[in-house]
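Below: one structure, written as structure tokens.
Nothing in this text is a laboratory measurement; each read-out follows from the coordinates by a stated rule. Worth saying up front: this structure is predicted, and the values here are computed from it rather than measured. When we count neighbours, we look across all protein chains shown, and the Cβ atoms used for this are built from the backbone with ideal geometry, even at glycine.
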Amino acid sequence: MPQTEPLAMVHLRLIKCGFKMSITRRELIAVLGTLATTSNLHADQSSQQQSRQLLQGLACNMESWWTDLDFMLRFERAAQAGFSSVEFWEHNKNSRNMNSVAALARKLDLNIVQFTGWGGPSLADTSNHNGFIETMKRVTEIAHQLNAPMFTVVGHQTLKTIPQAESLANLSLALETAAPILEDAKKMLILEPFNPVDHQGHFLNGSADALRICREIDSPFIKINWDLYHMQLTEGNIVDNLYAGIDQVGYIQVADIPGRHQPGSGELNYNFIFNAIDAIGYKGPIGLECWPENNDEKRAIADIITQRFG
């Protein structure tokens, strides 16, 4: 009996020729069935390669996936599942060793696309600016060490003693002061706005203020981490706002609503959104800062690919 070409490979071949086909979750689970799960650490190499091609350009978040495992083991599981790119949060969390992380990523052939370079304290307070600038010097070196092109900055915690307008001005000042460091290092700072629904206590929410700050600074190395989860909860109108702000988008992250689970698990039409991202010409990686529903990573991968190509 002649061998049947796997669905994933047929789909990839058609995509390369400019075609799309609908993939159901049931079909994808069958294709991905031999990939590594919590009970199967050795994925079939052919299926793993198929998944790696389908997941190309998607960066798995090492804080929200395989949360039952040690941090370093999550990188191994991501590679087994077919991811070629990953992201994570604070480089100094729990005394993480970036030398070890860099070595493991090289061993597993994983690209570290971004990490968190500054979570806080708040840059609304100018007394924190010197520490921020010194941290930026170290973080750009860490980015070189990890071969990561960019890193996320938050630092917009609300301080009751500092008004909103002054907070935004001080944040902008800190970023502008850091610009020469970033430009010399050729590393991009991506500013991540939050949302006021489940991330209360921040003065930078949605796209408007972040766009104004980045456009005023006007540096190719200071852009926005455009997290669609935060954008939806803050302002909605996801696609039109993304089109309007694409000149300042350095990175895109995705998650569905409610629950911040994988695309395809909630109310957002991520097939439409992914197509819009392609149509707008965004070529960068897309971060999967989402929590697989019911801790079912295999189903999450199937949902994501269905939304991406369905």
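The figures follow:
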{"quantity": "Protection proxy ranking, peptides 85-91, 285-291, 143-149, average beta carbon neighbours within 10 Å, highest first", "calculated": "285-291, 85-91, 143-149"}
{"quantity": "Under-5 Å amide H pairs with H202, H placed in peptide plane, nonlocal only", "calculated": "T158"}
{"quantity": "Fraction of antiparallel bridges per DSSP, region 56-309 only, in percent to nearest 5", "calculated": "5"}
{"quantity": "Sparse-neighbour loop sites [trypsin sites (Lys or Arg not before Pro); region 195-250; at most 13 other C-beta within 10 Å; DSSP]", "calculated": "none"}
{"quantity": "Residue pairs, from the table K93/K223; K93/K283; K187/K298; K137/K160, whose Cα atoms sit over 27 Å apart", "calculated": "K93/K283; K187/K298; K137/K160"}
{"quantity": "Paramagnetic reach from R96 (point 7 Å along Cα→Cβ, amide N under 19 Å) across region 135-168", "calculated": "135-156"}
{"quantity": "Sorted by Cβ neighbour density within 10 Å, fewest at the top, the residues E176, E76, E192", "calculated": "E176, E76, E192"}
{"quantity": "Neighbour-count order for K186, K283, K160, fewest beta carbons within 10 angstrom listed first", "calculated": "K160, K283, K186"}
{"quantity": "Region 142-187: Cα Rg divided by the 2.2 N^0.38 Å rule of thumb", "calculated": "1.44"}
